[in-house]
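Q: Can you keep this structure in mind? I'll have questions shortly.
The values are calculated or read from the model by the stated rules, or taken from the named source; none is laboratory data. Every value quoted in this text rests on a predicted model; they were computed, and no experiment measured them. Reconstructed Cβ throughout: ideal geometry from the backbone, glycine too, with neighbour counts over all protein chains shown.
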Amino acid sequence: MRIPFPLLQPEGPWLQSALLIVPLDRRLEEQARKSVRSGAPYNLIAAAGVIRHFRSDENVALLKGLLASGESVRVSANGQFKRVYPVRTVAVRMLKEWGVTVEGAVVTEEPLTP
């Protein structure tokens with residue numbers, strides 16, 4: 001669901017966020033599936049959070065497909081660099097919540113050279 005930008009102009013510390021409460025129903029599940037298929041990284045993470053409420057063989061397959069996502073960020077802590085795959089991380093978390101065995105999914109690579 002897209003919300004027109006002019007509607008997202010709150011004042012105060014909430015400038016960068018908005019909250020939309022929707023029912024957990026089939027329409028939301030289908031929208032989440034479309035978002036996963038879109039391939040946009042932000043959509044993938046948000047969609048995985050929705051799909052977790054709708055366990056099915058099709059949704060397990062969708063989440064397993066996210067384990068191949070190449071989207072990554074490079075982070076550092078204490079002078080050490082590592083590559084983190086946020087989409088894969090969310091998919092692994094959701095699959096494990098469902099009791100699905102996840103093997104060989106790389107969610108971080110370290111250390112990296114600066």
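Q: When you go through R52, R74 one by one, which is the residue that is within 11 Å of the chain's Cα centre (by Cα) and not β-branched (V, I, T)?
A: On inspection, the qualifying residue turns out to be R52.
Q: Considering only residues that are within 9 Å of the chain's Cα centre (by Cα) and free of Cβ contacts under 8 Å to residues at least 12 places away in the same chain, look in region 27-45 and name the one that is surrounded by the fewest Cβ atoms within 10 Å (Cβ to Cβ).
A: Only one residue fits best here, namely Y42.
Q: To continue, here is another question. Out of curiosity, is E110 at pLDDT 90 or above, exposed (fewer than 15 other Cβ atoms within 10 Å of the Cβ) and out of contact with any helix residue (DSSP H, G or I) (no Cβ under 9 Å at 6 or more places or on another chain)?
A: Taking the combined requirement at face value, the residue does not satisfy it.
Q: What number of residues in region 77-114 are in contact (Cβ under 8 Å) with a residue 40 or more places away in the chain and either out of contact with any strand residue (DSSP E or B) (no Cβ under 9 Å at 6 or more places or on another chain) or hydroxyl-bearing (S, T, Y) (or both)?
A: Here the count works out to 7.
Q: Just the residues that are small (G, A, S) and on the phi > 0 side of the Ramachandran plot, please, taken from region 65-114.
A: G79, G99, G104
Q: Name, by its number, the condition in (1) over 20 Å from R27 (Cα atoms); (2) surrounded by 11 or more Cβ atoms within 10 Å (Cβ to Cβ) that does not hold for T101.
A: Checking T101 against (1) over 20 Å from R27 (Cα atoms); (2) surrounded by 11 or more Cβ atoms within 10 Å (Cβ to Cβ), the one that fails is (2).
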